[in-house]
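Participant: Quick one: the structure is below, questions incoming.
The values are calculated or read from the model by the stated rules, or taken from the named source; none is laboratory data. These figures come from a predicted structure and were not determined experimentally. Cβ placement follows ideal geometry from the backbone for every residue including glycine, while neighbour counts extend to all protein chains displayed.
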Amino acid sequence: MTGAALRTFIARSRSVVESSPPAVRPATRTWLVDPFLETLGWDIHTDSCAAETTVDGTALEYVFAVEGVPALLVAVEPATETLEKDRARSLLEAMVWSGIDRALYTNGRQFLFLAGTATGSGTIDRLACPLDELVDHEESIDHFTRATVGQRLDPTSRQAVARQFALERPQLVDEIVTTLTDATGEAASAAALETATERFVDQLLVSFGSDDGVRLPGAAGDVHEDVSLQFTESTADETAVAGDGTTVGNEGEGGEPEPAPSSEAAPNTQDESAPVPNDSADQRDSVGDENEGTRETAETSEPEDATDAADGVDSTADSADDTATESYVVRFFNDRGSIGAIGHSQSQEALVQATEYLFERGLSGISVPWNPADVEPDREADTEQSNSSVPRDSTNSSPPSTTILNDTPHTADGTPMAKPRKLSNGLSLETAGTPEMHGTRVEALTKRAGLRAMLTGAWKDE
């Protein structure tokens, strides 16, 4: 891709947008998105492009592959509409789950580039800019060209296998269930076989995936050291990504849109989803609520992260967390499959986020003081694992008997908690201990909420 080619695309697209912007997705793709993809070197007419497909339940207009390895996700809105928060979050979730670390979300007028994610890492760089400013970010956009993406893919790697699993998951599940049903002759057991097979394929995907994400140019080496992302299913309508470079944030009634920070602003590396007193579930559930229209710094090509500041963050980490190089990630499942994930570079923060998430999805009836030994047997999920190399499921541990939740920062016998954190619902959570202890607490809390959890990322190394 050259600057001249990009400028030519911008000029042609501007004339389309100014004269008669397409009002439907097919026309937007034909007149605006397809020419941009061609400028980046992607060909929608080859077998390496899958159109109108899904990844992890997320609908996508295109999934491009290089040498058979899924490499770029593309989601499109009509040119007359804004980029939607819900769909942006779904795209982020699909990236994290599949390990496909390049994605583009656009309506032909606004462009959201997402890069650097891999299964279990929880780290995403973001560049958002309008059509007219694409040329200002040529260096960053070059990381989305077919030539550049292809240079860093290894078709024989485990990560490549994980990406293929993610793209072909529905077909794999159907084929395995059909084979098992035919072999057993038990058609009545098809539903149970399907549930077990989905879990097996999900575990394989996580097992094969690892952190191979890279960063957009100009970003400092430690800029994401404490970044937290939360990817969850939608619980309410979210804010759209505004087409004028602002975000209509969840400011409460009468709230005004927050303008995008100036190009001189420093990258946002603060925690997005740590508990915030009096915040709504919608705010904790969103990705980049405050800065979705933010543009990357033109002078340094340094993108803002897809996370936002949150109050109440305890910056003190356990020593075991200080040297973490990847995030502690928890993926949540119900009987139908994956429903969301949280991740943080510090295990104690991952514990806090997981607890907040679970209080929104089944944990609210818990009685305090509570310790992991209080998990009710009839709430435990089936956690059989056929391969010990697969990341551990949430209900395999025998948690120690210690108070971890109470309405005051004390244990059941009145002893002060070693390291309490006050949650948004007013309860105190014990966050002291090692990453392994934090993982055990996450497992117990998830079990109590009637869900399953898969601990991945840095927890796999504990």
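Participant: Name the residue, out of Leu72, Leu127, that is modelled with pLDDT of 90 or more, in contact with a His (Cβ under 9 Å, 6 or more places away or on another chain) and part of a strand (DSSP E or B).
Facilitator: None of the others qualify; the one that does is Leu127.
Participant: Also, quick follow-up: Considering only residues that are within 16 Å of Thr145 (Cβ to Cβ) and outside any helix (DSSP H, G or I), look in region 1-36 and name the one that is nearest to the chain's Cα centre (by Cα).
Facilitator: Among them, the one singled out is Met1.
For (1) buried (at least 22 other Cβ atoms within 10 Å of the Cβ); (2) out of contact with any helix residue (DSSP H, G or I) (no Cβ under 9 Å at 6 or more places or on another chain); (3) assigned by TED's automatic domain parsing to the domain that holds Val173; (4) of a type in the set (Asp, Glu), each residue gets a yes or a no:
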position: Pro35; (1), (2), (3), (4): no, no, no, no
position: Thr39; (1), (2), (3), (4): no, no, no, no
position: Val74; (1), (2), (3), (4): yes, no, no, no
position: Lys85; (1), (2), (3), (4): yes, yes, no, no
position: Trp97; (1), (2), (3), (4): yes, no, no, no
position: Asp101; (1), (2), (3), (4): yes, no, no, yes
position: Ala115; (1), (2), (3), (4): yes, no, no, no
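Participant: For region 416-438, name all the residues that are within 12 Å of Glu349 (Cα to Cα) and hydrophobic (A, V, I, L, M, F, W, C).
Facilitator: Once the filter is applied, which keeps residues that are within 12 Å of Glu349 (Cα to Cα) and hydrophobic (A, V, I, L, M, F, W, C), region 416-438 yields Leu423, Leu429, Ala432.
Participant: Another question, then. Can you find, within region 141-195, the residue that is nearest to Val74 (Cα to Cα) among those that are in contact with a helix residue (DSSP H, G or I) (Cβ under 7 Å, 6 or more places away or on another chain) and loosely packed, with under 12 Cβ neighbours inside 10 Å?
Facilitator: If we take residues in region 141-195 being in contact with a helix residue (DSSP H, G or I) (Cβ under 7 Å, 6 or more places away or on another chain) and loosely packed, with under 12 Cβ neighbours inside 10 Å, then Asp154 is nearest to Val74 (Cα to Cα).
Participant: Just a yes or no: is a residue in region 380-394 in the same structural domain as Tyr328 (by TED's automatic domain parsing), of a type in the set (Ser, Thr, Tyr), part of a loop (DSSP other than H, G, I, E, B) and at pLDDT 50 or above?
Facilitator: So far as region 380-394 goes, no, none of its residues is in the same structural domain as Tyr328 (by TED's automatic domain parsing), of a type in the set (Ser, Thr, Tyr), part of a loop (DSSP other than H, G, I, E, B) and at pLDDT 50 or above.
Participant: Is it true that Tyr105 is hydroxyl-bearing (Ser, Thr, Tyr) and either surrounded by 24 or more Cβ atoms within 10 Å (Cβ to Cβ) or not assigned by TED's automatic domain parsing to the domain that holds Arg14 (or both)?
Facilitator: Taking the combined requirement at face value, the residue satisfies it.
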